[in-house]
1. Find the residue count for the range B:2-26, including only residues that are under 19 Å from residue B:262 (Cα atoms) and either in contact with a Pro (Cβ under 9 Å, 6 or more places away or on another chain) or assigned to a helix (DSSP H, G or I) (or both).
2. Test residue B:241 against the stated conditions and say whether it is in contact (Cβ under 8 Å) with a residue 60 or more places away in the chain and either crowded, with 19+ Cβ neighbours inside 10 Å or in contact with a strand residue (DSSP E or B) (Cβ under 9 Å, 6 or more places away or on another chain) (or both).
3. Testing residue A:176 on (1) surrounded by fewer than 18 Cβ atoms within 10 Å (Cβ to Cβ); (2) closer than 20 Å to residue A:22 by Cα, one condition comes back false. Which one is that?
4. Can you tell me which residue in the range A:36-66 is farthest from the other protein chains (Cβ to nearest Cβ), limited to those that are in a loop (DSSP other than H, G, I, E, B) and surrounded by fewer than 24 Cβ atoms within 10 Å (Cβ to Cβ)?
5. What residue, of B:211, B:238, is in a strand (DSSP E or B) and under 14 Å from residue B:266 (Cβ atoms)?
6. Filter the range B:134-164 down to residues that are surrounded by 20 or more Cβ atoms within 10 Å (Cβ to Cβ) and more than 9 Å from every other protein chain (Cβ to nearest Cβ), then give me how many there are.
7. Identify, from the list B:240, B:186, the residue that is within 18 Å of the chain's Cα centre (by Cα) and within 14 Å of chain A (Cβ to nearest Cβ).
8. Only one residue in A:120, A:196 is free of Cβ contacts under 8 Å to residues at least 40 places away in the same chain and either open to solvent by 10 Å² or more (accessible area, probe 1.4 Å) or in contact with a helix residue (DSSP H, G or I) (Cβ under 9 Å, 6 or more places away or on another chain) (or both). Which one?
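The values are calculated or read from the model by the stated rules, or taken from the named source; none is laboratory data. In this text the structure is predicted, and so the values were computed from the model without any measurement. Positions of Cβ are backbone-derived with ideal geometry, glycine not excepted, and every protein chain shown enters the neighbour counts. For the accessible areas, the whole protein counts, side chains as well, though only heavy atoms, and no ligand, DNA or RNA atoms are used. Shrake-Rupley method; radii C 1.70, N 1.55, O 1.52, S 1.80 Å.
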Protein chains: 2
Amino acid sequence: MSGTGHFADRLAAAVEAKGSPLCIGLDPDPALMPEGVGVVEFCRGIVDAVADVAVVVKPQSAFFEAQGPTGWAALAEVCEYARSAGLLVLADAKRGDVPSTARAYAAAFAALADAVTVNPYLGYDSLEPFFSRDGLGVFVVVKTSNPSSVDVQDVELADGRPLWQHVAGLVDLWGADHVGESGLSSVGAVVGATFPREVAEARRLMPRAVLLLPGVGAQGGRTEDLAEAFSVGPAAALPSASRSVLYADRGAHWQEAAAAEAARLADELRAVAVAG
Amino acid sequence: MSGTGHFADRLAAAVEAKGSPLCIGLDPDPALMPEGVGVVEFCRGIVDAVADVAVVVKPQSAFFEAQGPTGWAALAEVCEYARSAGLLVLADAKRGDVPSTARAYAAAFAALADAVTVNPYLGYDSLEPFFSRDGLGVFVVVKTSNPSSVDVQDVELADGRPLWQHVAGLVDLWGADHVGESGLSSVGAVVGATFPREVAEARRLMPRAVLLLPGVGAQGGRTEDLAEAFSVGPAAALPSASRSVLYADRGAHWQEAAAAEAARLADELRAVAVAG
């Protein structure tokens, strides 16, 4: 279950302790995983490989759900294992539904993880059940890393802005009542690392939000383009890599290769986050 | 797993056979369920109660996920039971993620259900993995039944329309390649029954989409306001009730009360859908 204490404050302490704001996505895809290695075994191996250099792991719910009825138990086991290894756990679930349903989702993910990603399309009352959970971090999807994110997120509004900037304004407003001692809110935002200009603009629009920046590595996001995200502090952004770390080597050396790639990214981010 | 054959054609055949387009949402909330009745037992009981008059049941994934590791197995069992009772199963999951993740979600839900709800905020490439699954119906969230749906869905665009109408246009476009012999597309849309004017406008913007209309009953949607949704055929809309049926009686007579309320709604809809 979500730990005690304000999420962003716990994150800030973890970044200070480890010196780098790295997040590793756990996307266990049987088509890419080393042969003969199961989902839980693989994820535990990745956790062991990255625990010294990463602050957060981000299990992607979809890959566990795709395992059928055993998937949710696997997700719970991996979350528990990562937390016992001293990592914060961010469940990447992108949920969003009407209030009575949102309360059920918030309960489901608060039981598993320290934080969760959510989708803003249904508005405030669909996310409030997450915001009001003590100790739970919430990352609202604002501008995503995929090419088709333009279809809806970049539609031009009557005031000339793209839609995602309106959503960023809502996230800043929604997060105002949830700012911790670190100066950061437990209501954060997801902004694709593949769009550096949007990352910089998101920083200006949401000065108190932790920015989760997925898409580093395989999707093309580069750490050196993310410096502005850290302009309000070294824990104010969480660049996240998944496939480039998990599948750095798809044979016998998968664990060593993942550890090496995570360490390399952590070093890069240490420079970026401190300079930011 | 999703049945064989075009989803909208199977739906049209089911509506013709039963004479009414009723969908019943399965939202098993332990706080509202009769005492001593488990989630699977409750859902099976509701399936038995409504199977004669409903064409679709819509299990809400959140309430199963809130059960922890046993929840997904319960969801699979309920889906299987409903299908063996001759009902189509629509998994209400509102998923949406980047393409590699969307493929995992599409696999997860195609293994469970005949159709699934998805969220459009991430654009085409996040939904294409669902659209391209043979036999799977896909309902894209367009305008939801909750009060805060205005926060994002009703934002005014540069062309003067609210955002949801832009999304409706995308759904019509995306669904064009997936039209069955019934004239209806396997790419449908979710439009809250609580907004009758928007339902009528959605019908005009998406003439080939099956409109899933949640919010009948407890949320305030009234069947008599939904006639325009059926202007292109009796299977062109699926009004859905959840709490008003499931919790019609919260004591010993829950099953009889649910059956009676579902039969009453089916009668109302028979008139509306034929007149539409």
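1. So the count comes out to 13.
2. Numbers: in contact (Cβ under 8 Å) with a residue 60 or more places away in the chain: yes; either crowded, with 19+ Cβ neighbours inside 10 Å or in contact with a strand residue (DSSP E or B) (Cβ under 9 Å, 6 or more places away or on another chain) (or both): yes.
So residue B:241 fits the description; yes.
3. Status for residue A:176: all satisfied but (2).
4. A:52
5. B:238
6. 8
7. On the way: B:186 fails: within 14 Å of chain A (Cβ to nearest Cβ).
Only one candidate qualifies: B:240.
8. The unique qualifying residue is A:196.
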